[in-house]
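Colleague: Let me give you the structure first, and then I'll get to my questions.
The values are calculated or read from the model by the stated rules, or taken from the named source; none is laboratory data. Predicted, not measured: the structure shown is a model, and the values here were computed from it. With ideal geometry, Cβ positions are generated from the backbone for all residues, glycine too; neighbour counts draw on all protein chains shown. The protein model used for the area step is the full one, side chains on, heavy atoms only, and it has no ligands, DNA or RNA in it. Shrake-Rupley method; radii C 1.70, N 1.55, O 1.52, S 1.80 Å.
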Amino acid sequence: MRQRVRDGETLVGGLLRMPGEFLVELAGVAGLDYVVIDCEHGPADLVALQHHLTAAQAHGLPVLVRVGQDDPGLILRVLDLGAAGIIVPHVDPPEDARRAVAAAHYPPLGERGFATYSRAGRFGAASIPDHLRDTADRTLVVVMAETPQACANAPAILAVEGVDAIMIGPADLSVAMGLTGGAAEPAVQEATARVRSAAEASGTPMMTIVNSPPQAAEAPPGLIVYNLAHVLLTTFRTLTEPRPTP
């Protein structure tokens with residue numbers, strides 16, 4: 001997945017919270033490119049996460065995990081379980097980005113604790129050189145800009161080696177600005193445009209969360225992720241629309 005992103009492909013995925021193995025399987029059957037499992041605003045149950053990763057692997061579906069803010073312990077565990085990468089929220093100064101990269105990568109780029117007996121190391125079947133190479137090539141690090149400070153620091157954040165993509169958190173950004181309109185707020189749109197310009201200048205892909213195909217069509221190239229809770233809620237609401245009277 002990381003190589004496809006670096007090659008400039010636009011990949012489409014879905015964001016879900018646990019428990020949702022059924023949604024993981026549906027995403028694979030439907031042909032999505034990846035799924036994001038949210039362990040920031042959802043339960044960070046590692047046993048359940050392993051079940052979701054196993055379901056995804058059966059369909060050849062890479063998994064990104066959104067972890068908590070500055071949580072190297074969880075980053076280590078989700079990558080040991082076989083996640084293709086992490087999404088780290090609330091990255092404000094570049095130092096936050098450097099800590100995220102350090103937690104996600106083995107030395108010399110990072111400080112991640114090494115083990116081959118994890119699921120990612122094929123329970124010890126992978127050699128040390130193979131596991132080092134595979135994880136260095138595979139592990140994707142996405143940082144989130146969710147405050148005015150983060151948006152202002154976007155060029156410096158994107159200059160950190162090991163940052164593969166950046167994502168705007170429009171709801172958090174709106175609230176951090178004292179606003180309640182989310183992505184529709186002009187100030188949020190202006191901040192988002194500045195981050196997009198910085199990403200384009202550095203050649204770094206954007207990850208964009210969307211609720212519908214029209215929104216996806218307007219998103220910049222890179223990583224597009226559907227908010228599956230919103231998609232399902234919208235679908236269910238259509239089922240409650242009044243039926244014509246016979």
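Colleague: Quick query: amide H of Y226 versus all other amide H atoms, modeled in the peptide plane; which residues come in under 5 Å with a sequence gap of 5 or more or a different chain?
Modeller: The list, which skips near neighbours in sequence, is G13, G14, L15, V210.
Colleague: Also: Please give the contour-minus-distance gain from D137 to E218: 0.36 nm per residue of separation, less the Cα-Cα distance, rounded to one decimal in nm.
Modeller: Value of the extension gain: 26.2 nm.
Colleague: Something else now. About its Cα centre, how strong a charge dipole does the chain have in debye, to the nearest 20, once Lys and Arg get +1 and Asp and Glu get -1 at the Cβ?
Modeller: Using only the charged Cβ atoms, the result is roughly 400 debye.
Colleague: State, to one decimal in nm², a quarter of the convex hull surface area for the C-alpha atoms of region 127-172, i.e. the direction-averaged projected area.
Modeller: 3.8
Colleague: Can you list, bin by bin at 5 Å, the percent of alpha carbon pairs in region 110-205, starting at 0?
Modeller: Spelled out per bin, shortest first, that is 3, 13, 20, 15, 11, 10, 9, 9, 6, 3, 0.
Colleague: Per DSSP H run of n ≥ 4, the term is -39500 (n - 2.57); total these for the chain, divide by its residue number, and report the mean residue ellipticity at 222 nm rounded to 500 deg cm²/dmol.
Modeller: Numbers: 12 runs with 111 residues, N = 246.
Calculated at 222 nm, the ellipticity per residue is -13000 deg cm²/dmol.
Colleague: Relative contact order of the chain: what whole-number percent is it, with Cα pairs under 8 angstrom and at least 6 residues apart?
Modeller: On the way: 447 pairs, mean separation 45.9, N = 246.
The normalised contact order for the chain reaches 19 percent.
Colleague: Output needed for region 1-103: three equivalent-ellipsoid semi-axes, defined as square roots of 5 times the C-alpha gyration tensor eigenvalues, in descending order, whole Å. Kindly include the intermediate steps, with their values, before the conclusion.
Modeller: On the way: eigenvalues 97, 57, 25 Å².
They are 22, 17, 11 Å, listed from largest to smallest.
Colleague: Sorting S212, S174 by accessible area (1.4 Å probe), largest first, what list results?
Modeller: Values: S212 35, S174 0 Å².
Accessible-area ranking of S212, S174, largest first: S212, S174.
Colleague: Where the centre of each part is set by its Cα atoms, how far does region 195-246 sit from region 48-69, in angstrom?
Modeller: 21
Colleague: Hey, another quick one. Specify, per residue and in Å³, the volume enclosed by the convex hull of the alpha carbon atoms belonging to region 48-153. Walk me through the numbers before you get to the answer.
Modeller: Numbers: hull volume 10.4 nm³, N = 106.
It comes to 98 Å³ per residue, whole-number rounded.
Colleague: Tell me the relative contact order for region 162-246 as a rounded percent, counting alpha carbon contacts under 8 Å between residues six or more apart.
Modeller: Worked out over region 162-246, it gives 23 percent.
Colleague: A further question follows. Output wanted: per-residue J couplings in Hz (rounded whole) for region 88-104, from phi through Karplus 6.51 cos²θ - 1.76 cosθ + 1.60, θ = phi - 60°, x for Gly and Pro.
Modeller: 10, x, 6, 8, 9, x, x, 4, 4, 5, 5, 5, 5, 5, 4, 6, 8
Colleague: Also, I was wondering about something else. In whole percent, and with a 1.4 Å probe on the protein chains, what portion of the accessible area of the chain is carbon and sulfur?
Modeller: The computed percentage sits at 57.
Colleague: What order do Y117, Y34 take when sorted by accessible area (1.4 Å probe), most exposed first?
Modeller: Largest accessible area first, the residues go Y117, Y34.
Colleague: For the chain, restrict the atom set to alpha-carbon positions and state the Rg and Dmax in Å.
Modeller: When restricted to Cα atoms, the chain yields Rg and Dmax of 18.3, 71 Å.
Colleague: At 0.692 mPa s and 37 °C, plugging the Kirkwood radius over alpha-carbon pairs of region 147-246 into Stokes-Einstein gives what diffusion coefficient in µm²/s?
Modeller: 217
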